1. Provide a single number: the residues in the range 13-39 that are under 18 Å from the mean Cα position of the chain (by Cα) and touching a residue at least 60 places away in the same chain (Cβ under 8 Å).
2. Against the definition (at pLDDT 95 or above, within 25 Å of residue 51 (Cα to Cα) and of a type in the set (S, T, N, Q)), how does residue 158 come out, yes or no?
3. Quick one: how many residues across the range 61-73 are part of a loop (DSSP other than H, G, I, E, B), more than 10 Å from residue 126 (Cβ to Cβ) and touching a strand residue (DSSP E or B) at 6+ places or on another chain (Cβ under 8 Å)?
4. Against the definition (in contact (Cβ under 8 Å) with a residue 40 or more places away in the chain, touching a strand residue (DSSP E or B) at 6+ places or on another chain (Cβ under 9 Å) and either part of a helix (DSSP H, G or I) or surrounded by 13 or more Cβ atoms within 10 Å (Cβ to Cβ) (or both)), how does residue 105 come out, yes or no?
5. Could you tell me which residue of the range 131-159 is nearest to residue 84 (Cα to Cα), considering only residues that are of a type in the set (Ser, Thr, Tyr) and open to solvent by less than 60 Å² (accessible area, probe 1.4 Å)?
6. Anything in the range 74-97 that is assigned to a helix (DSSP H, G or I) and over 26 Å from residue 23 (Cα atoms)? List them, or say none.
Amino acid sequence: MQKEWNSIQTLLARVNPALLEGIRPGATNEELDAFAADIQLKLPVFFREFYSIHDGQSHPAQEGLIFGFELLSLKRIQETMKEFRAQVDLNAEADIQMDVFPEYFIKPLVVHTQWLIFARLGRDYLAVDLDPHPAYGNPGQVIYISHQSLILKWLALNFRGFINNFIWELGLGNFEFNEQGGFTYKKKFSATSF
């Protein structure tokens, strides 16, 4: 994942160097092991490599690094997942239904303890799905979870593929600068069919 981080840093240096200041140093193997034990999930290899190089963004992030979403540090992932998992009872509420795109890739749940959240924007999340729908899902696929819009959407086959989609979008210049000096994306997730 060093190649991917090098690409991200090179592209950000051209379009928004201020975002580079908020990128944290990498997590140690001991920190990653403790993190995995705390959240009770086996970390995908590419996720582990990615976070060993840089442990997300400093919080609070002025601008979200990944498609406008804050790239969470391991500590922020733990906090977010604790808050997220506390809502597991929402799965039993009949009046809350998640729309899933495409069908049979993601289990139609509001909250799943096997979703490894790594980015957040308000009530919307990006996660690695470690327990996908048995029909067509792939363990390790990346998904979008919107509690704002009640949508689940498949984004990429795995974490590395998702990061490469992000690099592609960044390289295409699919962003615009805002008044605060940060950037937002012109078309949300176009390479990922979002």
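The values are calculated or read from the model by the stated rules, or taken from the named source; none is laboratory data. If you're wondering where the values come from, they're calculated on a predicted model, not measured in any experiment. Cβ: placed from backbone, ideal geometry, glycine included. Neighbour counts: every protein chain shown. Accessible surface areas use protein heavy atoms only, side chains included; no ligands, DNA or RNA. Shrake-Rupley method; radii C 1.70, N 1.55, O 1.52, S 1.80 Å.
1. Residues that pass the stated criteria total 2.
2. In short, yes.
3. 4
4. So residue 105 fits the description; yes.
5. 146
6. Residues satisfying the conditions are 85, 88, 89, 90, 91, 92.
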